[in-house]
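See structure below.
The values are calculated or read from the model by the stated rules, or taken from the named source; none is laboratory data. What you see is a predicted model, and the numbers here were worked out from it, not measured in a lab. No Cβ is skipped: glycine too gets one built from the backbone with ideal geometry, and neighbour counts run over all protein chains shown. Note: areas computed on protein heavy atoms with side chains; ligands, DNA, RNA excluded. Shrake-Rupley method; radii C 1.70, N 1.55, O 1.52, S 1.80 Å.
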Amino acid sequence: MLNSDSLERELRIDEHALDREWLSQPRLCLRYGMMLANARRKLEEARNELEVVRADLDKSIRSSPDDYDIAKVTETAIQSAIQSSSAFRKAQQRLIDAKYYVDLLGAVMQSIEQKRSALENLVKLFLAGYYGQPKLGDDSDDFDELVKRRLRRRRMSDEAQGS
């Protein structure tokens, strides 16, 4: 089954680790794609099971209408007896549940596609310098000097701690 907390974590994007996000994206897509394929198989099995239950009940009702309190065998009476059967209702509920799970996994796959699109756009922003150093006017030389001074201080501090 799906764990919404786990899924939310998997769909969250760490914009400071785009490389790791891209590396995990295919595995995420494969994992949920396989779950969706399995759920679709179970949905088809549930559809088939419902049809088998319907056919078995239809045959049983036609051969022993008295067992189902049917005085006159008509298509409407047979369909009503089938619909009211607990075996049919259980098979029908399994079909509904299987369809719901397929729909949930379909929504997850759409979310994974949205994540892929968001990652693409975040990379474009990164390449455009969105996450880069702030743009300075004519004072960029002053900024460069400030960065160099801080680096020198850090290097001196590291050397002092190492001795």
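Taken per residue, the accessible surface of the chain reaches 74 Å², heavy atoms only and a 1.4 Å probe.
Here's the picture: charge each Lys and Arg Cβ at +1 and each Asp and Glu Cβ at -1 in segment 1-116, and of Leu43, Tyr100, Ile78 the one pushed furthest to the positive end of that dipole is Leu43.
In order along segment 26-40, the Karplus-derived 3J(HN,Hα) couplings, from 6.51 cos²θ - 1.76 cosθ + 1.60 at θ = phi - 60°, round to x, 5, 4, 5, 5, 4, 6, x, 5, 4, 5, 4, 5, 5, 5 Hz, and Gly and Pro are given as x. The residues neighbouring Cys29, those whose beta-carbon lies less than 13 Å from its own, together hold a net charge of +1 under the Lys/Arg +1, Asp/Glu -1 convention. Once you reduce segment 2-74 and segment 99-123 to the center of their Cα atoms, the two points are 18 Å from each other. With q set to 0.16, 0.17, 0.19, 0.23 Å⁻¹, the log10 of I(q)/I(0) for segment 51-99, from the Debye formula over equal scatterers at the Cα positions, is -0.43, -0.47, -0.57, -0.77. Computed from Cα positions, the angle between helix 75-84 and the longest principal axis of the chain comes to roughly 50 degrees.
Relative to the dominant Cα principal axis of the chain, helix 86-127 is inclined by about 20°.
Each Cα pair under 8 Å and six or more residues apart adds its separation to the average, and for the chain the resulting relative contact order is 31 percent. Rounded to the nearest 10 square angstrom, Phe88 shows an accessible area of 0 square angstrom against a 1.4 Å probe. Only lysines eight or more places from Lys72 in sequence, or on another chain, were considered; those with a Cα closer than 21 Å are Lys59. Simple spin-label estimate for Tyr131 and Leu151 gives 2.1 nm between the two label positions (7 Å along the Cα-to-Cβ direction from each Cα).
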